[in-house]
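The values are calculated or read from the model by the stated rules, or taken from the named source; none is laboratory data. Note that the coordinates shown come from a computational prediction; the quantities given were computed from them, not determined experimentally. Every residue, glycine as well, gets a Cβ built from its backbone with ideal geometry; the counts of neighbours run over all protein chains shown.
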Amino acid sequence: MLFTYKATTKDGKTVTGSVEAANKSALIASLRKQGVHPVLVEASKSKRLGGNVFGPKKKVKLSDLVIFTRQLSTMISAGVPLARSLAALQGDANNVYMREVLSGVTKEVEGGKPLGDAFAKYPNVFSDVYVNMVRAGEEGGILDDILKRLATQVEQDASIRKKIKSAMMYPVVILVITIVAFFGIMLFIVPHLGSILLSLGGPNAKLPIYTQVLLNLSNFCAKPTILGSLHIPVLSKIPNLVLILILLGIASIYVMRYIRTPKGKYQFHALLLRTPIVRTIVLKVAIARFSRTFASLMGSGVSVLDALDVTGAALGNKVIEAELQAAAQEVKNGKQLSEPLAQSKHFPAIVSQMLMVGEETGQTDTVLVKIADFYEEEVTVLIDGLAAIIEPVMIVFLGAGVGLIAASVMGPIANLSKNIGNS
């Protein structure tokens, strides 16, 4: 059952939140164990939390995760007990689902489980990298320092994702508007203009080839589909265009499902690495993520093989992950990591060379952080450059499409009007 509560901590701070509990007494007992005094506990009157018609959204933003990580690090550094820190942060969380997660994590910690194991139960919030770094911090007694590193790493990932989404937003919007406008013109405007042209020039009027193609395309899009032969009133009115869009939608769903399978995901990632421009972005992002994640794990005292295993899963590309797993096997056989990476198809030579320097000097994590900074800057410059190029290119294509349609329609009208005037 879902309850909302209001409680005070030992230092007089008021905390509120929503949490699942078997009954009111169980929740009060749980709050007291966490070191807070319940003031008000009542059953939630509505299941529609957070303004979401379908219930709380099962997602936590990276910005919320960064704030939580930094706050937890600060509280642990100040000597606040872990369970109490989690309880306090649960009350401060703005995200409804985050409060639910922290409630579950707090119960696990109170039951004697390590924090890393408690986080592992929520993989949609805490990634494998996050969980393993927390485990390393607990084992090494440096959890507060590890959490600071994690916050920095999550911030960097969020920054890269935000820049990529921002760069893609404009061209995607323009592309969608262009497609919608094109099919709208094909269905509602061109058929009427075709009738005007035929009425002016007669059925035997000779039209330019591009105008004739436009009219044929418009007629095909507006023509009822083969479903009309079924003599069902609703189906007989469905134009070809709508049927094509429905089929494309169904095909897209099946393609997306296939991409989610291990084989489909690997093939899709391989395709990305063969696509010009996209390949460059994917590689730079993967290398930056590898360098920062591996550096954080190594600096936390995680073994090289364990660090490679965790880092591979965090790269976001199955092809590069497989290559890193092969490199891990070479390391297991006694080689330094820089050796297999020097033979890599995807890792640039600078990565293996810098890594070799780090291995020789015993400063692998420091060197990798510098590589991460370099490639994150490269990603920023590349994305900004692409955004600057894509905008005018999209405008040119949009203008060309509008110009072609205008020429296909207005040109014949002007010629036919001239012929009528001469006659």
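So here's what we get for this one:
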item	result
Conditions (1) over 27 Å from the mean Cα position of the chain (by Cα); (2) over 22 Å from L273 (Cβ atoms); number of the one not met by A307	(1)
Options L193, L175, L187, L150: the member that is touching a strand residue (DSSP E or B) at 6+ places or on another chain (Cβ under 9 Å) and assigned to a helix (DSSP H, G or I)	L187
Residues being among the small types (G, A, S), more than 20 Å from the chain's Cα centre (by Cα) and modelled with pLDDT of 75 or more - total across the stretch 153-194	2
Number of positions in the stretch 336-369 that are more than 18 Å from K284 (Cα to Cα), of a type outside the set (S, T, N, Q) and in a helix (DSSP H, G or I)	8
Which listed residue, of R257, R289, is crowded, with 20+ Cβ neighbours inside 10 Å and of a type outside the set (S, T, Y)	R289
Wholly within the stretch 262-314, helices (runs of 4 or more DSSP H) carrying at least 1 residues that are in contact (Cβ under 8 Å) with a residue 60 or more places away in the chain	278-299, 304-314
Looking only at the stretch 127-147, and only at residues there that are in contact (Cβ under 8 Å) with a residue 12 or more places away in the chain and not in a helix (DSSP H, G or I), the one that is farthest from S77 (Cα to Cα)	S127
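So that you can scan it fast, the table gives a plain yes or no per residue for (1) surrounded by 12 or more Cβ atoms within 10 Å (Cβ to Cβ); (2) at pLDDT 75 or above:
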{"position": "T364", "(1), (2)": "yes, yes"}
{"position": "V367", "(1), (2)": "yes, yes"}
{"position": "F397", "(1), (2)": "yes, yes"}
{"position": "G403", "(1), (2)": "no, yes"}
{"position": "M410", "(1), (2)": "yes, no"}
{"position": "L416", "(1), (2)": "yes, no"}
{"position": "S423", "(1), (2)": "no, no"}
